[in-house]
Amino acid sequence: MIRGRRLVRDRALIMAIVNRTPDSFYDRGSTFADEPAKAAISKAVAEGADMIDIGGVAASPGDDVTVEEEIRRVVPTVEWIRENHPDVVISIDTWRHEVGAAACAAGAGLLNDAWNAADPELIDVAAEFGAGYVCVHTGGREPRSEPVRPEYVDVAKTVLEETLRLADLAESKGVPRDAILIDATGFGKNTLDHLELLRHIPEFVETGWPVLMALSNKTFVGETLGVGLEDRLAGTLAATTVAAHAGAQVFRVHEVEPTRHTLEMVASIAGTRPPARAQEWIS
């Protein structure tokens, strides 16, 4: 249950990414303008997205975006989604409590804090509005800073311990327990780290907290396969399959329909989802 919306599916859930930025690494600003953003949101919902994740500031270094500008980019979009797609969960990708509060007041239900509580008041906002909260490890990287990879003795153990610490903190502050997610990806990691984390997904799942995976078209996919940005879908779906089979419950993605097919297939193999059609050779 995320802010009054019960998400029950016979497969893992899909969080579709829609960036209200001119400088996203993936879409290059294709949904920065209002109408393309609305079209992308409606397409994602039609293809099976359970959540829409709206971001108003790119993760990479770039031009400064003020709090006021970030709110201007995301809040009207939240209002439009709530009016036109009332059943979908709206997630806000932000580290700023002011933006989180404005978005929640407009109808958002989940705060996707990709920067490891850089602004600790964001957790308080989630508690105030009864919204969900995503716990992420960044290895100490500051919002929008240059990429850095800390030294890890055991990257899986480190990420697990930090996300669990944040989950416990969020619950202690009043964030609804069933709306707290732990993210087994995050910044501050290289390709080998991400592959190692994928091998340890069962340990994240065993904690009982819902596990979110942000794998879509990431650099580690490109480096693993030796391909460019435009050729990362197959690798993304392979990683998605591994994580879903291990029990991860939410996937943050750019391509909704291929991801939905992947997750439905995994669920059907696991026996938790019946085939859409099973007629051939039935006596």
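Values quoted throughout were computed directly from the atomic coordinates according to the rules given, and no laboratory measurement underlies them. Predicted model only: the values in this text are computed from it and were never measured. Heads up, the Cβs are rebuilt from the backbone with ideal geometry, glycines too, and the neighbour counts pull from every protein chain shown.
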*Choose one answer from ASP53, ASP63, ASP93: the residue with the largest mean-square fluctuation in a GNM of the chain with alpha-carbon springs under 10 Å.*
ASP63
_Over region 153-270: Kirkwood hydrodynamic radius from C-alpha pairwise inverse distances, Å_ = 14.8 Å
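I need HIS97, HIS137 ordered by Cβ neighbour count within 10 Å, fewest first. Before the final figure, lay out each step's value.
Numbers: HIS97 20, HIS137 26.
Fewest to most other Cβ atoms nearby, the residues stand as HIS97, HIS137.
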*For region 151-183 and region 194-228, write down the distance between their C-alpha centroids in whole Å.*
16 Å
*Rounded to the nearest 500, what is the 222 nm mean residue ellipticity of the chain from helices alone, with -39500 (n - 2.57) per DSSP H run of 4+ residues and division by all residues?*
-13000 deg cm²/dmol
*What aspartates and glutamates sit close enough to LYS43 to cross-link, taking a C-alpha to C-alpha distance under 17 Å and skipping anything fewer than 8 places away on the same chain?*
ASP27, ASP34, GLU35, ASP53, GLU83, ASP87, GLU255, GLU257
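Over the Cα atoms of the chain, Rg to Rh with Kirkwood Rh, two decimal places? It would help to have the intermediate numbers written out before the result.
On the way: Rg = 18.0 Å, Rh = 19.0 Å.
Ratio value, two decimals: 0.95.
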_Separation of the ALA270 and MET1 label points, Cα + 7 Å toward Cβ, nm_ = 2.3 nm
*Tell me, TYR152, TYR26 in order of fewest to most beta-carbon neighbours within 10 Å?*
TYR26, TYR152
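Could you list PHE204, PHE129 so that the one with the fewest beta carbons within 10 Å of its beta carbon is first and the one with the most is last? The partial results should precede the final answer.
On the way: PHE204 26, PHE129 19.
With the fewest neighbours first, PHE204, PHE129 line up as PHE129, PHE204.
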*GNM, the chain, Cα, under 10 Å: largest mean-square fluctuation among TRP80, TRP209, TRP95?*
TRP80
*Bin all alpha-carbon pair distances of region 92-140 at 10 Å intervals from 0 and give each bin's fraction as a whole percent.*
33, 58, 9, 0
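Under the definition of Cα pairs under 8 Å and six or more residues apart, what whole-number percent is the relative contact order of region 21-142?
On the way: 183 pairs, mean separation 23.7, N = 122.
Computed over region 21-142, the figure is 19 percent.
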*What is the set of long-range amide H partners of GLY188 at a cut-off below 5 Å, with H atoms built 1.01 Å from backbone N?*
VAL148
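Only bridges with both residues in region 1-97 count here: give the DSSP antiparallel percent, nearest 5. Kindly include the intermediate steps, with their values, before the conclusion.
Numbers: 1 of 11 bridges.
Taking every DSSP beta bridge within region 1-97, about 10 percent pair in antiparallel fashion.
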